[in-house]
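Beneath this line is the structure, given in structure tokens, with notes to follow.
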Amino acid sequence: MTPFPVILASASPRRREFLQRLGIPFQVLAADIEERNGRDEMPDALVARLSLEKALAVAARHPHAVVIGADTIVTLDQELLGKPADRDEAASMLRRLRDCAHVVYSGVTVCPPDGGEPLTSVVGSTVWMRAYTDDEIDAYVASGDPMDKAGAYAIQNAHFHPVARMEGCYASVMGLPLCELGELLRRSSVALPLDVPAACSALTGVPCCCGV
């Protein structure tokens, strides 16, 4: 598949699970960067930059590896909703998102080995939340699931089931646009041993937006 090691520059268990589905061996080395927002920086530019900075930070220490960086943000009326600082902020985010639409952006970067030009893709998806109740919010926040997630929710949570419908890439909303990653890896000379849309659908449980 590749003579070079593959490194995921993220500690996210969801991204790790996605990458495992691609059938390639890899290791995890989380990038230590300051995830700051630039002044007047658009959401798509922000996730592209952060995914690139994460990948470059790890690639600088492992120049002979293929390094994957990723970042996901939630935007509501042009406001960025990051990971909640505490349970009160998580509940507040969920109340604001309730019964309306927002946009989720995911950026993914692949740094080829030995100083190859980094490749970055960004996917935007529109998500409509259902009209869940305050009691449902309280129970979901108490579960702890929202605390490490942008926008304070996981689209795939079967108990809370926050989303009414969406347009775009389900995998991207989960944190990693798998088909985009597959294409970037292919362009970086990493051969994948399987059909990526099929692997995506098998993991998410929904039809892949790239087709199966």
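The values are calculated or read from the model by the stated rules, or taken from the named source; none is laboratory data. Bear in mind that the values here come from a model prediction, so they are computed numbers and not experimental data. Reconstructed Cβ throughout: ideal geometry from the backbone, glycine too, with neighbour counts over all protein chains shown.
Data table
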read-out	value
Looking only at segment 11-35, and only at residues there that are out of contact with any helix residue (DSSP H, G or I) (no Cβ under 7 Å at 6 or more places or on another chain) and either assigned to a loop (DSSP other than H, G, I, E, B) or small (G, A, S) (or both), the one that is surrounded by the most Cβ atoms within 10 Å (Cβ to Cβ)	S12
Count of segment 64-115 residues which are among the acidic types (D, E) and under 15 Å from S188 (Cβ atoms)	1
Number of positions in segment 83-137 that are in contact with a Gly (Cβ under 9 Å, 6 or more places away or on another chain) and of a type in the set (A, V, I, L, M)	10
Segment 63-85, residues that are part of a loop (DSSP other than H, G, I, E, B) and over 13 Å from G116 (Cα atoms)	D77, Q78, G82, K83, P84, A85
Residue in segment 36-53 that is at pLDDT 95 or above, surrounded by fewer than 14 Cβ atoms within 10 Å (Cβ to Cβ) and not in a loop (DSSP other than H, G, I, E, B) present	no
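Residue-by-condition table, conditions (1) part of a strand (DSSP E or B); (2) in contact (Cβ under 8 Å) with a residue 60 or more places away in the chain:
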residue: V103; (1), (2): yes, yes
residue: V123; (1), (2): yes, no
residue: E136; (1), (2): no, no
residue: A139; (1), (2): no, no
residue: H159; (1), (2): no, no
residue: L181; (1), (2): no, yes
